[in-house]
Amino acid sequence: MFATLLVVSLWHSQAKLIDCRHCVIPVSHPVSGSDLVSAVQRSRMTSPPWPKGKKLVHLDLKGAPPKVEYLHKLIELFSNLGIDGLLMEYEDMFPYEGELKLLQDTAQPAYSREEVLSMQEFAKSKGMEVIPLVQTFGHMEFVLKHRPLWSLREVASCVGTLNPHKEEAVRLVMEMLKQVVDLHPGLNTLHIGADEVYMLGEGEESKVWLASNERTVEQLFLNHVTKVAKAIKQQWPHMTIIMWDDMMRGMSANTLKDSGLAELVQPMLWDYTPYLDVDKTVSLLEKYHSASMSEVWAASSFKGSTSVYTCVPSTQRHVDNHLQWLKVAASLSAAINLKGIAITGWQRYDHLSVLCELMPVSLPSLAACLQTLLHGQFGAEAQSKVMEGLGVSSVEVEAIERTSGVESFPGRKLAGLIVELNSLLSSEDLRFFENSMFVRGWFSPYQRQRKMVTPLITMQIHNQASTYLAMLQQKVETLKEEMAQLYPESTVQEWIEEHVSPVMTPLQKITEEIRACLKEIVP
């Protein structure tokens, strides 16, 4: 773990560390009554429906990869909801071969070649295009974490950024792309990532390069991405290339045009906040157009962008994000060709962070976001479509009751169990059990160490903790059984350890310590 001083230094030396794709604004803020009223008012504000263009759903497989059977059910639901395509971010779930086999996940098997092909065939049968997303510069943690590839990092302590000066790094990227393209027959569009290239320019080779002829970090970024894009076009001349836009936001139109990148790629501008700045976003898209990037994409979010550890999403928050994107689309000049929107569903903020919301609890949010785009608002008709389409009584997953009947959408039973357990785990009685008056007053660390306690009260504390543990254990076992139907065992274990263990472990510890103390004081 970095020392605090180092973290502060890094944050000050490169402000982009704060401006990550999930953290542009603070995520924890009080919600007043007026905020709730304004949210409802925003939902009813009407914009034109989303213009023509594709509506993609982003599947982030670097965490909680669905079992193949569940993945097919999700694809069928996406088709029914009106999705045109899938933006597939495989990361370590892709069946890389040869020297790249070390990139495959070790916690669970990567998808097999046959499974990747069957997923594509099923999606195409439902009228959906499959677009792979392969990171080629930043967010390459799943590649550069491996010891044999450490030398390809820009900075030793930054696991995600590739050193753009090493020819071996470009060869690695091209081999990754080749294997992905080869396993996607008839592929016409490829997303090369290139967002959040942290610490670029901080490596020793980069410092030497920058010192020559007064070069800039902007040029360093553009050189690498242009090199990759040209190599792609040389190998697959027909390929349309999409990339994230954030590293280009501060660049001038002339800088972009002079780099030669503009004629090679289509930028995808992402903003996942409910307070998206419409004027600023329109201005950015107009800048890209003036740089000869006339074909552009938008990227919104239906999950995985509230906080790094969010368990249950807020539909309203994500609907508000799409309402803002509708305003952006309505404000663009006719000269800007908006190719479509990718509705992202991040499963981790990056490869090494914890799990965000799982897909089952996020499907009401996805359906609501799509209806918002289709209607130009999220009024009564759009809400009714969501509730009818998913067979639910509310668009907010937290209000979905747990039922034992037929699943109205794939994973509904698990969604209900997660909501129920999350509510219990979040209760102050459990989460702050050790801060209760009785524990602090009659079973403090001082008292435990000396084993001098009041038996009557500590026995009551023990009984209460045991009751909570029994209640939790029953719900956890039910949830684990259901989750294992949809996800690999490694996902089940991780979810339990991240969400349940922090609450259960202190309760278990306190019951054990009480039993030990009572042996010293009760005959």
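The values are calculated or read from the model by the stated rules, or taken from the named source; none is laboratory data. If you're wondering where the values come from, they're calculated on a predicted model, not measured in any experiment. Don't worry about glycine lacking a Cβ; one is built from the backbone with ideal geometry, like all the others, and counts go over all protein chains shown. Ligands, DNA and RNA are excluded from the accessible area calculation, which covers all protein heavy atoms including side chains. Shrake-Rupley method; radii C 1.70, N 1.55, O 1.52, S 1.80 Å.
Counted over region 328-473 with a bin width of 10 Å, the fraction of Cα pairs per bin, in whole percents, is 9, 24, 23, 18, 14, 8, 3, 1.
Would you mind getting the accessible area per residue of region 189-303, heavy atoms of the protein chains only, 1.4 Å probe, in Å²? Provide the component values of the computation, followed by the final result.
Numbers: 4380 Å² over 115 residues.
Value for region 189-303: 38 Å² per residue.
Cα-Cα over 23 Å: which of K62/K166; K55/K327; K227/K257? Write down the numbers at each step before the final one.
Details: K62/K166 26 Å; K55/K327 17 Å; K227/K257 15 Å.
Among K62/K166; K55/K327; K227/K257, the Cα-Cα distance tops 23 Å for K62/K166.
Angle of helix 412-425 to the longest C-alpha principal axis of the chain, folded into 0 to 90 degrees and rounded to 10: 60°.
By definition, a body whose alpha carbon gyration tensor gives a ≥ b ≥ c is prolate when a/c is 1.5 or more and a/b is larger than b/c, and region 190-253 fits this prolate description.
Using C-alpha pairs below 8 Å separated by at least 6 residues, the relative contact order for the chain is 16 percent. The 1.4 Å probe gives accessible areas that order E498, E129, largest first, as E498, E129. Taking amide H positions as modeled 1.01 Å from N, with prolines and chain starts lacking one, the residues under 5 Å from D245 and 5 or more places away or on another chain are M268, W270.
For the chain, the fraction of 1.4 Å probe accessible surface lying on carbon and sulfur atoms is 53 percent.
Ligands, DNA and RNA are left out, and with a 1.4 angstrom probe the accessible area of region 434-505 is 57 Å² per residue.
Over 28 Å between Cα atoms: which of K339/K413; K124/K178; K207/K280 fall into that group?
Working: K339/K413 36 Å; K124/K178 21 Å; K207/K280 32 Å.
Violating the 28 Å limit, Cα to Cα: K339/K413; K207/K280.
Of the Cα atoms belonging to the chain, the radius of gyration and Dmax stand at 25.2, 87 Å.
Across region 385-397, coupling constants 3J(HN,Hα) worked out from phi with the 6.51/-1.76/1.60 Karplus curve, θ = phi - 60°, read 4, 5, 5, 5, x, 9, x, 10, 9, 8, 7, 8, 4 Hz, and Gly and Pro carry x.
What angle do you read, to the nearest 10 degrees and between 0 and 90, between the alpha-carbon axis of helix 278-290 and the longest principal axis of the chain? The angle comes out at about 30 degrees.
Treating the Cα atoms of region 150-286 as identical point scatterers in vacuum, please give the log10 of the normalised Debye intensity I(q)/I(0) at q = 0.22 Å⁻¹, two decimals. The computed values of log10 I(q)/I(0) come out as -1.44. With the cut-off at 1.5 for a/c, could you classify region 309-387 from its C-alpha gyration tensor as rounded, prolate or oblate? Note, shape of region 309-387 comes out oblate. Quick one: Karplus J couplings for region 143-148, per residue in order, coefficients 6.51, -1.76, 1.60, θ = phi - 60°, nearest Hz, x for Gly and Pro? For region 143-148, the Karplus curve yields 9, 7, 6, 7, 3, x Hz. Give me the angle, in degrees from 0 to 90, between the Cα long axis of helix 217-235 and the longest principal axis of the Cα atoms of the chain, rounded to the nearest 10. The angle comes out near 70 degrees. Partner lysines whose Cα lies under 27 Å from the Cα of K519, excluding those fewer than 8 positions away in the same chain, are identified as K451, K509. Highest average first, the peptides 233-240, 500-507 ordered by how many other beta carbon atoms sit within 10 Å of their residues are 500-507, 233-240.
Converting phi to 3J(HN,Hα) with the Karplus coefficients 6.51, -1.76 and 1.60 and the offset θ = phi - 60°, region 365-374 yields 5, 4, 4, 5, 5, 5, 5, 4, 5, 6 Hz in sequence order, with x at every glycine or proline.
So how do E121, E396 rank on accessible area, 1.4 Å probe, biggest first, that is with the largest at the start? List each step's numbers first, then the result.
Numbers: E121 125, E396 55 Å².
The ranking, largest first, comes out as E121, E396.
Kirkwood radius for region 76-234, taken over all pairs of different Cα atoms as the inverse mean of 1/r, rounds to 16.9 Å.
Per-residue accessible area (protein heavy atoms, 1.4 Å probe) orders W442, W150, W325, W50 as W150, W442, W50, W325, starting from the largest.
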